[in-house]
Amino acid sequence: MATMILPADSAAGTRPGGPRLDGHLHPAGRWVFLAVLVGGLIYAGVSILTDTQQVGERLATGVFLFLGLALLIALAFEFVNGFHDTANAVATVIYTHALPAPVAVVWSGAFNFLGVLTSSGAVAYSIITLLPVDLILHVGSASGYAMIFALLVAAILWNLATWAAGLPNSSSHALIGSILGVGIANQLLSPVAGGASGVAWGQVEKVLSALLFSPLIGFGGALILLLLMKRFVRDPAMYREPRGDQPPPKGIRALLILTCTGVSFAHGSNDGQKGMGLIMLILIGCAPTAYALNRTVPESATPVFMAVAAQAESAFDRVAVKRPDSLVEARDTLTRGIATRKVDNRAVYGALATVSHDVGSRIGSYGSLGRVPAAATPNLRGDMYLVLDATRMVVADKGAQGRFSALEVKRMQAYAGQLEQGTRYIPIWVKVTVALALGLGTMVGWKRIVVTVGEKIGKSHLTYGMGASAELMAAGTILLADRFGLPVSTTHILSSGVAGASVANGAGVQHRTLRAMALAWFMTLPVAMLLSGVLYWLLLAGVRALGL
């Protein structure tokens, strides 16, 4: 397994007694790596063909090639994410000699893979809700494709730039900045004032709060944890530098490997989802019949859906003054309400009742989501998406809560759950290909970031206790964020944890490195926003010039 590691930039760490980071690539390792990579891409292509053929959707050659390009760019983001962010997980075990560098990287890649496969998908759709509503509803349009290409390319470019500088920057941060840039550009480029939605600032506040506070939790948590360890775990070996290249005692070594495993798994479960959500948008745009609706929902679930839809419709109808005159008017009202985050008004409730009734009637007439005709799929998915997001906002709105009884709120929550099951799902092949991209990316280009985390944050060599406390806090924080569907940064949490552990150990920190990291943190949002906004404008101008 160790032979799969590709060469990187420096031969070894710069500190005396530091780990050797030079690994020679065995020819067999290169072939195994390439075989897995190509095999994953072939698996994705075959899965798409199988899924579309099963629902009778034929993809034109041009559409299939375009879809392949879009998927390659999305998977490239996860690949770069792998070698950029996951280096943080292996730095501690490498610099404490708990595992040789090649073994550590392969081990981390394997658990990143498992983390992606077992992820819930909540973070994926938390990211998607940041995107402009009109672009999500029309993701198959030229502007929708321009949005996806712009934000992915911008995030990849910034990730590569910070990697080249050896800075532990966050892929999550870069992606969110790119999304914000596209959202603002979409609003500014609208020919009619208010004609296009921009950024969902309420969701942005929630996501950015997680990105802001998680590094503080990593720093403070690792500092406190190491102080507690010193108080209650009296083994002196935990708090001194490794001797030469000797591995730590067995118990300490097992702890360090366990914490590395936890961070790798947590990173996969959180970061892997960001690419999944964008891949689903690409699939919905290019092959809506196969992917816009969850056709795996059994027919037996249809009566339950219709029952909860009728209950929610009744609740909306009770507080609405009147229903809109047409379904088109109802859709427009919901779109404006979601875009402005203002759903607590009677017009929105009337629109919700109208669209909910239509959705329930259509699904009831088809018998199940699996039987929805190809021509009806995009409109039905769009209506379900509108009702789902509007219903979620109503349930969360304090003003709206006063209009409905506790039972009605509970029924609306059940309705939202049914809508989510029908529209927000991730096929297993998407998880597998993202997991492969993230896992294989872990095994490439990791040394730059490892050297920064291992040598350039604290003023002294990493001790066993410092490594364990930083990684325990990182794994715990990321898994907790995953539970609540919040995108956080492995990079920010772990590097902050190393800094906190260094302070607790009395070693202090290298202020030059921290200043560079802080500068990268503050620059990421504006630079990614500018890059994605400009790319979106250029791509949109290009497709309009071509008449697409």
>> Yes or no: the range 254-275 includes at least one residue that is assigned to a helix (DSSP H, G or I), at pLDDT below 85, buried (at least 16 other Cβ atoms within 10 Å of the Cβ) and over 29 Å from the mean Cα position of the chain (by Cα).
In response: no
> residue 466 passes all but one of (1) within 20 Å of the chain's Cα centre (by Cα); (2) at pLDDT 80 or above; which number fails?
Replying inline: (1)
> Could we say that residue 413 is over 23 Å from residue 54 (Cβ atoms), polar (S, T, N, Q) and modelled with pLDDT of 90 or more here?
Replying inline: yes
> How many residues are without any contact (Cβ under 8 Å) to a residue 40 or more places away in the chain and buried (at least 18 other Cβ atoms within 10 Å of the Cβ) when one looks only at the range 324-340?
Replying inline: 3
> Out of (1) under 19 Å from the mean Cα position of the chain (by Cα); (2) at pLDDT below 85, the odd one out for residue 243 is which?
Replying inline: (1)
> Taking the range 427-441 on its own, how many of its residues are surrounded by fewer than 24 Cβ atoms within 10 Å (Cβ to Cβ) and assigned to a helix (DSSP H, G or I)?
Replying inline: 4
>> I'm trying to understand the selection: among the residues of the range 341-393, which are surrounded by fewer than 20 Cβ atoms within 10 Å (Cβ to Cβ) and hydroxyl-bearing (Ser, Thr, Tyr)?
In response: 361, 365, 366, 368
>> So for the range 426-445 (the condition being on the phi > 0 side of the Ramachandran plot and either at pLDDT 90 or above or assigned by TED's automatic domain parsing to the domain that holds residue 74 (or both)), does at least one residue qualify?
In response: yes
> For the range 113-124, which residues satisfy the criterion of being part of a helix (DSSP H, G or I), buried (at least 20 other Cβ atoms within 10 Å of the Cβ) and either over 12 Å from the mean Cα position of the chain (by Cα) or hydroxyl-bearing (Ser, Thr, Tyr) (or both)?
Replying inline: 113, 115
>> Kindly evaluate residue 506 against the criterion of being out of contact with any Leu (no Cβ under 9 Å at 6 or more places or on another chain) and not in a helix (DSSP H, G or I).
In response: yes
>> Looking only at the range 290-305, how many residues end up being of a type in the set (Ser, Thr, Tyr) and crowded, with 24+ Cβ neighbours inside 10 Å?
In response: 1
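So that you can scan it fast, the table gives a plain yes or no per residue for (1) outside any helix (DSSP H, G or I); (2) not acidic (Asp, Glu):
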site: 302; (1), (2): no, yes
site: 328; (1), (2): no, yes
site: 331; (1), (2): no, yes
site: 337; (1), (2): no, yes
site: 343; (1), (2): yes, yes
site: 349; (1), (2): no, yes
site: 358; (1), (2): no, no
site: 382; (1), (2): no, yes
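The values are calculated or read from the model by the stated rules, or taken from the named source; none is laboratory data. Here the structure is a predicted model, which is why all the values come from computation and not from measurement. Reconstructed Cβ throughout: ideal geometry from the backbone, glycine too, with neighbour counts over all protein chains shown.
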